[in-house]
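Taking it in order: structure first as structure tokens, then the write-up.
The values are calculated or read from the model by the stated rules, or taken from the named source; none is laboratory data. Quick caveat, the model's predicted, so the values are computed rather than measured. Here Cβ is always computed from backbone atoms with ideal geometry, including for glycine, and neighbour counts include all displayed protein chains.
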Amino acid sequence: MAILEVENIYKNFGETQVLKGISFSLEQGQALAIIGASGSGKTTLLRCLNFLERPDKGIIRVNGDVLFDAQDPSTQLEKEIRKKRLNFGLVFQSFHLFPQYTVLKNVTLASELLTKEQLKHQGRAALRAAYQDIEEQARMLLDQMGLLDKVNAYPHQLSGGQQQRVAIARALALHPKILCFDEPTSALDPELTGEVLRVIRGLAEKKTTMVIVTHEMAFARDVADHVIFMDDGVIVEEGRPEDLFSNPKEERTRQFLSRYSSSN
Amino acid sequence: MSNFSTIMARLLEAFRLNGQLFILTLVFALPLGLIIAFGSMSRWKPLSLLTRTVVWIIRGTPLMLQIIVIFFAPGLLGWGSPWGAGASGRFSAATVAFVINYACYFSEIYRGGIQGVPKGQTEAGQVLGMTKSQIFFKVTLLQVVKRILPAMSNEIITLVKDTSLARIISNKEIIMMAHEYTAKGLIWPLFFTGVFFLVFVGALTLLFNALEKKLDYFRC
């Protein structure tokens, strides 16, 4: 069964229709790449999954449970949306690390706050033990990201690539079922994109379920199990990367890909 | 010489009123300003319109006028004066006027600071499952404090000197005290009030510099 099912999502901003009936599904352990020109609705789609935008129409299911249904207000209660968000992680294009906290605290903060709520009625000792576990896990994650020597640094002391790797660790710390990336390398200098892409590739090898919005075509082709090409708020074409990139069926896909291969 | 020390002692005594007014204004206006800031940023239009109008009126009219109105208006309008007779009533009236006036100025500083924090910070907190209040207190607040510190220190230094306006309803603050000595042909007490203000403002400046330095460890 698919871990994520998106059914007929529509989203308007005022008069502008940004998403016009998006449907797709994603299997556990797969990486989905979404490609398309700027303004095609890719980012809005990710933001809908993370409840930063509310779709006007459509249904989102995770593991078969309806997480969001535009027709059903009981799926849109503010309190529950907070919990539902935790099914997803989101890595932003421009990182959005918390500047006043160290790298380590950036990774542990949200887990600590959640744990504090859950252990409200238990003693301080329980809380302290839980915090210790959280910190240990954060260190492991940062180690995986190659940032163990930076745990006590502040975000402004890091390069963009390092900041983005912290942001990835921060998202992973909450164990999301599905990790979303919104153009994770678009704000980086070309020489720094490699280190971030390497980390994402590592996650794919460990069968992390991911949705990756990207402009890095070679990377998408390499890492993704499935590729969606979006244009003007609809899915024009989707398939396995080797099919879609080598043998696109739609004229619009062909045009988009040729523009990219000629500009790169 | 004994004349000098007596007068200085009386000036110092009078300056206590300035100091008390300063502290009370901060204690009440700093939190009240934050509430007003949230009111003016409210998505519920009637509330934001109302708060913005109040802020406009308070910032648009002289503090001196506000002190006079707050002290005299209730009695003259026949509601009975809430201030009572005597020095403590006059001081209370001045304090209320200062708190309202400064809360409105602070609210605008807060608003600028809060709106200046990038939306991405809130969104990052949201996708990490934080509640609105967690986001405000754990993510946004310190960044707001850092952003508004220069404007706040400016405003607070102005407040030190504005406390003298309380004399308009006969609160015996330092300048009023020194002014009385001109009738006895003495001008130097008046000059000396300036020294009191300079020292007080100097100490505040050092404090704010230290605070700014303390928040220097991060950039936002």
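Side notes on the structure shown:
- The C-beta contact set for segment B:144-164 (first residue of a type in the set (S, T, N, Q), second residue outside any helix (DSSP H, G or I), distance under 6 angstrom, 6+ apart or interchain) comprises B:164/B:173.
- Here A:116, A:105 are screened, and the one residue that is basic (Lys, Arg), part of a helix (DSSP H, G or I) and within 14 Å of residue B:125 (Cβ to Cβ) is A:105.
- With respect to (1) at pLDDT 95 or above; (2) out of contact with any Leu (no Cβ under 8 Å at 6 or more places or on another chain); (3) among the aliphatic types (A, V, I, L, M), the lone exception for residue A:171 is condition (2).
- For the condition surrounded by 18 or more Cβ atoms within 10 Å (Cβ to Cβ), under 26 Å from residue B:100 (Cβ atoms) and hydroxyl-bearing (Ser, Thr, Tyr), residue B:164 qualifies.
- Among residues of segment B:83-95 that are of a type outside the set (Asp, Glu), those with a beta-carbon under 6 Å from a residue that is surrounded by 21 or more Cβ atoms within 10 Å (Cβ to Cβ) at least six positions away or on a different chain give the pairs B:83/B:93; B:90/B:171; B:91/B:171; B:93/B:70; B:93/B:71; B:94/B:67; B:94/B:166; B:94/B:171.
- Across segment A:81-102, the qualifying residues are those that are part of a helix (DSSP H, G or I) and in contact with a strand residue (DSSP E or B) (Cβ under 9 Å, 6 or more places away or on another chain), and the one among them that is nearest to residue A:142 (Cα to Cα) is A:84.
- Against the conditions (1) under 23 Å from residue B:204 (Cβ atoms); (2) free of Cβ contacts under 8 Å to residues at least 60 places away in the same chain; (3) over 21 Å from the mean Cα position of the chain (by Cα), residue B:8 satisfies every one except (2).
- Taking the listed residues B:137, B:196, the one that is of a type in the set (Phe, Trp, Tyr) and either touching a residue at least 40 places away in the same chain (Cβ under 8 Å) or away from every other protein chain (no Cβ under 11 Å) (or both) is B:196, with no other qualifying.
- Any chance residue B:129 is away from chain A (no Cβ under 14 Å) and of a type outside the set (Ser, Thr, Tyr): no
- Which numbered condition residue A:140 misses (of (1) at pLDDT 95 or above; (2) away from chain B (no Cβ under 13 Å); (3) surrounded by 17 or more Cβ atoms within 10 Å (Cβ to Cβ); (4) within 21 Å of the chain's Cα centre (by Cα)): (3)
- Within segment A:20-44, the set of residues being farther than 17 Å from residue A:211 by Cα and either assigned to a strand (DSSP E or B) or of a type in the set (Asp, Glu) (or both) comprises A:20, A:21.
- Scanning segment A:66-78 for residues that are more than 22 Å from the chain's Cα centre (by Cα) and not in a loop (DSSP other than H, G, I, E, B) yields a count of 2.
- All of A:223, A:213 fail the test of being in contact with a helix residue (DSSP H, G or I) (Cβ under 8 Å, 6 or more places away or on another chain), surrounded by 17 or more Cβ atoms within 10 Å (Cβ to Cβ) and modelled with pLDDT of 95 or more, apart from A:213.
- Taking (1) over 14 Å from residue A:95 (Cα atoms); (2) surrounded by 15 or more Cβ atoms within 10 Å (Cβ to Cβ) in turn, residue A:190 satisfies each apart from (2).
- Annotation note: of B:114, B:156, the sole residue that is within 25 Å of residue B:200 (Cβ to Cβ) and away from chain A (no Cβ under 13 Å) is B:156.
- Subset of segment A:76-118 [closer than 27 Å to residue A:65 by Cβ, in contact with a helix residue (DSSP H, G or I) (Cβ under 7 Å, 6 or more places away or on another chain) and either in contact (Cβ under 8 Å) with a residue 24 or more places away in the chain or more than 10 Å from every other protein chain (Cβ to nearest Cβ) (or both)]: A:85, A:88, A:89, A:90, A:91, A:92, A:111, A:115
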